[in-house]
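A short write-up of the structure that comes next.
The values are calculated or read from the model by the stated rules, or taken from the named source; none is laboratory data. Not measured: the values here are computed from a predicted model. As a convention, Cβ positions derive from the backbone with ideal geometry for all residues, glycine included, and neighbour counts pool all protein chains shown.
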Amino acid sequence: MRGPTEDHPLARWALVGVTIVFVVLFLLLPLVTVFSAALEKGVGAAWEALGDPDAISSIKLTVITALIAVPLNTVFGVAAAWAVSKYDFRGKSLLTSFIDLPFSVSPVISGLIYVLIFGLQGWLGPWLREHDIKIIFALPGIVLATMFVTFPFVARELIPLMTDQGRDEEEAAMSLGASGWKTFFRVTLPSIKWGLLYGVLLCNARAMGEFGAVSVVSGHIRGQTNTMPLHVEVLYNDYQFVAAFAVASVLALLALVTLTLKSFLEWRYADEIAAVHRH
Amino acid sequence: MSLVIDSVTKRFRGGAAALQGVSLTAPQGAFVALLGPSGSGKTTLLRILGGLDFADTGSVRFADVNWLGVPARERRAGFVFQHYALFRHMTVAKNIAFGLEVRPRRSRPSRADIALRVKELLALVQLDGLGDRYPSQLSGGQRQRVALARALAIEPRMLLLDEPFGALDAKVRKELRIWLRELHNRMGITTVFVTHDQEEAFAVADLVAVMNQGRIEQYGQPETVKRAPGTAFVQEFLGAAV
């Protein structure tokens with residue numbers, strides 16, 4: 001017997017079936033292919049490819065970039081979400097649209113913006129050159145482009161959550177004598193921490209995986225300004241398939257670890273999450 | 001030690017007037033109800049008393065200090081919100097202890113003292129043994145009593161209640177308001193209570209201010225207001241809601 005609000009079993013199975021087929025075909029299979037291509041000539045070959053100095057340098061660069069870009073975007077994201085959701089001010093909806101800008105702009109353009117500003121022929125190019133500051137084709141440019149592309153993740157995750165929660169709890173904390181900092185760390189942060197975590201994980205995944213914007217500003221100097229995604233492309237174009245897929249596997253693995261971590265935390269703290277979300 | 005509100009005005013951001021010169025005097029320890037339809041400015045007035053909103057002009061004196069000059073977090077005004085505003089991620093006990101735990105180290109009671117105080121307050125609001133629950137595990141009436149205990153924990157100089165029973169069913173409302181009045185009789189804290197329910201206002205308050213469109217239409221003892229409505233609006237408002 002099915003309940004009055006349940007769909008026909010056929011409809012249910014069809015929906016579930018379509019979803020599963022889609023996930024397997026378009027998400028799971030490519031992932032498996034990446035790993036199998038990497039291990040085509042055995043674990044040894046893949047391991048050797050990862051030990052290549054250029055590969056190690058690309059992994060290092062990717063991690064350093066994420067280590068700078070993600071914390072900064074976390075702080076900016078929280079600040080932006082706080083401003084948008086807890087205060088009323090003129091131009092608020094405009095600001096919200098601007099936060100979304102990196103999502104709607106092609107990553108290539110995101111990279112070009114920085115070339116136009118900081119590049120040799122750019123606005124600040126001559127000045128930077130005089131003072132011997134390298135931004136384009138160097139780490140600062142890569143970090144800037146990554147930050148631009150990943151800026152919305154944390155803010156986007158938090159804005160609906162914080163808007164929904166309203167200002168009541170902060171006002172209560174204030175009337176109970178809590179300072180701004182204490183209110184933030186004891187009331188606001190704990191109530192958004194799961195959304196924040198999710199935003200940070202997404203932001204990190206994208207920061208490590210970003211190709212387009214970084215490709216424009218990096219200059220593709222092997223062993224110096226190639227991040228992992230760029231290094232994968234270089235190897236692939238050189239017909240070094242095992243090496244290319246080995247590095248790609250590490251990237252995919254990072255994504256899987258991120259997902260597993262998130263699922264684990266959700267499972268581990270299920271009660272607490274439910275308590276925060278129920279009204 | 002009385003509460004003197006003098007010609008307080010407030011405009012909303014859009015320019016609409018929320019309060020157009022509100023004046024009111026209440027003796028120390030009084031229980032004042034602000035009664036009126038939604039949009040009459042009663043909640044705005046309460047929020048100004050609690051320091052959650054600024055007044056544009058006018059003054060408030062309480063216990064002989066310029067009350068509006070005291071920052072919200074230093075007023076020790078226990079504010080109880082319509083939707084409780086409990087900290088969802090904290091247990092009931094942690095909620096109640098919050099106001100004590102966030103004090104600067106010098107004036108913060110010891111951990112044992114805080115625990116003792118929480119226990120007393122839980123008993124006071126008849127929630128003994130529920131300290132380890134989360135707000136989401138409580139009924140509406142219980143949550144509002146937690147909110148009240150949390151406000152009382154800071155030994156408030158003034159208690160401000162914004163439609164505290166608005167989200168509860170009629171039976172619980174009635175029980176809680178009787179209980180609240182008894183609590184007030186025992187503690188004697190100057191209390192301002194916002195409601196749109198005249199029966200509630202007349203049942204709990206010593207003084208009732210009927211508000212309409214940012215003004216006080218009539219202010220006096222419940223019997224007086226009931227017996228002799230001062231304006232056409234008061235007459236209509238009291239008549240319509242019976």
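Quick notes
- Only one entry of A:D54, A:D100, A:D132 meets the criterion of being closer than 30 Å to A:L253 by Cα and at pLDDT below 90, and that entry is A:D100.
- Members of region A:73-101 that are under 24 Å from A:A205 (Cα atoms), of a type in the set (A, V, I, L, M) and loosely packed, with under 14 Cβ neighbours inside 10 Å: A:V75, A:A79, A:L101
- Subset tally (residues that are within 28 Å of the chain's Cα centre (by Cα) and either over 28 Å from A:A207 (Cβ atoms) or outside any helix (DSSP H, G or I) (or both)) for region A:25-64: 2
- Qualifying residue in region A:150-160 (condition: surrounded by fewer than 17 Cβ atoms within 10 Å (Cβ to Cβ), within 30 Å of A:I192 (Cα to Cα) and out of contact with any strand residue (DSSP E or B) (no Cβ under 7 Å at 6 or more places or on another chain)): yes
- Criterion applied to A:A69, A:A46 was being at pLDDT 85 or above, farther than 30 Å from A:Y239 by Cα and surrounded by 15 or more Cβ atoms within 10 Å (Cβ to Cβ), and the one residue passing it is A:A69.
- Of all residues in region B:17-50, those being assigned to a loop (DSSP other than H, G, I, E, B) and surrounded by 22 or more Cβ atoms within 10 Å (Cβ to Cβ) number 3.
- Residue in region B:168-188 that is at negative phi, at pLDDT 95 or above and either away from every other protein chain (no Cβ under 14 Å) or in contact with a Gly (Cβ under 8 Å, 6 or more places away or on another chain) (or both) present: no
- Of the residues making up region B:189-204, those that are over 27 Å from A:A173 (Cα atoms) and within 14 Å of chain A (Cβ to nearest Cβ) number 0.
- Yes/no for B:L3 being of a type outside the set (D, E, K, R), away from chain A (no Cβ under 14 Å), touching a strand residue (DSSP E or B) at 6+ places or on another chain (Cβ under 9 Å) and farther than 22 Å from A:G177 by Cβ: no
- Residues satisfying the stated conditions in region B:117-140, i.e. more than 14 Å from every other protein chain (Cβ to nearest Cβ) and either over 18 Å from B:G78 (Cα atoms) or surrounded by fewer than 16 Cβ atoms within 10 Å (Cβ to Cβ) (or both): B:K119, B:E120, B:A123, B:Q126, B:L127, B:D128, B:G129, B:L130, B:G131
- Screening the candidates B:R73, B:R88 for the property of being part of a helix (DSSP H, G or I) and either modelled with pLDDT of 95 or more or farther than 19 Å from B:L19 by Cβ (or both) yields one hit, B:R73.
- Qualifying residue in region B:226-235 (condition: more than 20 Å from the chain's Cα centre (by Cα) and aromatic (F, W, Y)): yes
- Within region B:74-116, if we keep just the residues that are charged (D, E, K, R) and touching a Lys or Arg at 6+ places or on another chain (Cβ under 9 Å), the residue that is nearest to the other protein chains (Cβ to nearest Cβ) turns out to be B:R88.
- Test: A:T183 is within 27 Å of A:I99 (Cα to Cα) and of a type in the set (V, I, T): yes
- Count of region B:68-84 residues which are over 23 Å from B:Q142 (Cβ atoms) and touching a residue at least 60 places away in the same chain (Cβ under 8 Å): 3
- Residue check for A:R222: out of contact with any strand residue (DSSP E or B) (no Cβ under 9 Å at 6 or more places or on another chain) and assigned to a loop (DSSP other than H, G, I, E, B): yes
- Failed condition for B:G78, given (1) surrounded by fewer than 22 Cβ atoms within 10 Å (Cβ to Cβ); (2) modelled with pLDDT under 95: (1)
Residues checked against (1) exposed (fewer than 15 other Cβ atoms within 10 Å of the Cβ); (2) in contact (Cβ under 8 Å) with a residue 40 or more places away in the chain:
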residue: A:E210; (1), (2): no, yes
residue: A:S218; (1), (2): no, yes
residue: A:I221; (1), (2): yes, yes
residue: A:H231; (1), (2): no, yes
residue: A:N237; (1), (2): yes, no
